[in-house]
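Presented below is the structure to which this report refers.
The values are calculated or read from the model by the stated rules, or taken from the named source; none is laboratory data. Not measured: the values here are computed from a predicted model. Note that each Cβ is placed from the backbone with ideal geometry, even for glycine, and that neighbours are counted across all protein chains shown.
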Amino acid sequence: MRRKLAAGNWKMNGTRAALSEIAAMAEAAKGAAEVLICPPATLIAEAAGANTGVAIGGQDCHAEAKGAHTGDLSADMLKDAGASHVILGHSERREDHDEHDDHVRAKTRAAWEAGLVVVLCCGETLAEREAQNTLDIIGGQLAGSIPDGATGHNLVVAYEPIWAIGTGKVPTTDQIGEVHDFIRARLEKRFGEGVGRSVRLLYGGSVKPANATEIFAVSNVDGALVGGASLKAADFVPIIEALNASA
């Protein structure tokens with residue numbers, strides 16, 4: 001059985017005052033689903049040290065273990081600060097920092113070597129969706145970004161259609177199901193049925209309390225990667241509860 005996962009990506013939001021929001025999620029984190037918050041790097045150590053029962057992750061890491069890379073953080077540094085997970089390949093990293101599949105692949109290797117679980121993001125633009133190229137884009141990202149050695153213990157895949165992130169637009173449940181079923185099939189083909197079935201698949205893109213239950217009922221949706229709605233416990237807890245109810 002794949003344990004459901006409610007993951008929150010705080011992006012470039014949050015100061016120490018926001019740590020109280022994680023504490024307010026602690027009760028909901030006692031349910032069937034695993035709860036993960038990826039705050040800014042400045043908050044990782046304190047958030048992890050609070051022992052709320054909420055897992056803490058990073059939002060990126062460098063492919064190298066150390067060196068002359070001003071401003072970057074290695075996977076070992078994240079692990080040392082208390083992180084258990086790291087988000088890699090997010091569309092904002094791909095666009096804002098010109099990251100490509102080979103960069104994500106190298107970072108994933110580094111994260112695995114440090115003992116981190118990778119939440120690997122994939123997704124298409126609106127133009128690619130309208131050109132009916134979604135599955136080709138997703139297939140290419142999976143092949144290029146995931147190294148050999150993936151297991152259900154070190155990899156989570158998050159499907160985030162770029163056109164749905166922060167826009168309020170949400171794909172239909174049929175569209176979400178089509179992509180998640182496709183990802184599952186690709187993972188099973190490449191890594192074998194056992195491993196392919198063990199990797200959790202998250203949906204991300206304008207997930208809110210109002211649509212969470214419907215999304216979590218879709219085939220091969222094992223949880224969500226949530227942006228803005230994860231910043232406040234009042235918004236994120238209902239999503240966690242909806243996932244707990246679906247588990």
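Here are the numbers for the structure shown:
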quantity	calculated
Index of the failed condition, residue 173 passing every other in (1) buried (at least 17 other Cβ atoms within 10 Å of the Cβ); (2) touching a helix residue (DSSP H, G or I) at 6+ places or on another chain (Cβ under 8 Å); (3) of a type in the set (Val, Ile, Thr)	(1)
Residues of region 158-174 satisfying the condition of being in a helix (DSSP H, G or I) and either touching a residue at least 40 places away in the same chain (Cβ under 8 Å) or within 19 Å of the chain's Cα centre (by Cα) (or both)	162, 163, 164, 173
Region 177-219, residues that are under 16 Å from residue 120 (Cα atoms) and part of a loop (DSSP other than H, G, I, E, B)	199, 204, 205
Close pairs (6 angstrom Cβ cut-off, 6 or more residues apart or separate chains): in contact (Cβ under 8 Å) with a residue 60 or more places away in the chain in region 127-153, of a type in the set (Gly, Ala, Ser) and not in a loop (DSSP other than H, G, I, E, B) anywhere	152/198
Filtered residues of region 108-136 (kept if of a type in the set (A, V, I, L, M) and either over 12 Å from residue 160 (Cα atoms) or buried (at least 18 other Cβ atoms within 10 Å of the Cβ) (or both))	110, 111, 114, 116, 117, 118, 119, 120, 127, 131, 135
Within region 74-95, tally of residues that are surrounded by fewer than 19 Cβ atoms within 10 Å (Cβ to Cβ) and at positive phi	1
Total residues in region 86-116, condition touching a Lys or Arg at 6+ places or on another chain (Cβ under 6 Å), acidic (Asp, Glu) and under 21 Å from residue 8 (Cα atoms)	0
Residue match in region 26-45 (condition: in contact with a Leu (Cβ under 6 Å, 6 or more places away or on another chain) and either more than 17 Å from residue 116 (Cβ to Cβ) or among the aromatic types (Phe, Trp, Tyr) (or both))	yes
Pick from region 202-218, criterion more than 18 Å from the chain's Cα centre (by Cα) and in contact (Cβ under 8 Å) with a residue 40 or more places away in the chain, ranking: surrounded by the most Cβ atoms within 10 Å (Cβ to Cβ)	211
Residue satisfying all of: in region 30-73; of a type in the set (D, E, K, R) and assigned to a helix (DSSP H, G or I); surrounded by the most Cβ atoms within 10 Å (Cβ to Cβ) among these	46
Total residues in region 100-157, condition within 28 Å of residue 1 (Cβ to Cβ), in a loop (DSSP other than H, G, I, E, B) and touching an Asp or Glu at 6+ places or on another chain (Cβ under 8 Å)	2
Condition check for residue 182: over 18 Å from residue 37 (Cβ atoms), of a type in the set (Phe, Trp, Tyr) and modelled with pLDDT of 95 or more	yes
Residues (out of contact with any helix residue (DSSP H, G or I) (no Cβ under 7 Å at 6 or more places or on another chain) and either among the aromatic types (Phe, Trp, Tyr) or more than 25 Å from residue 219 (Cβ to Cβ) (or both)) located in region 1-15	11, 12, 13, 15
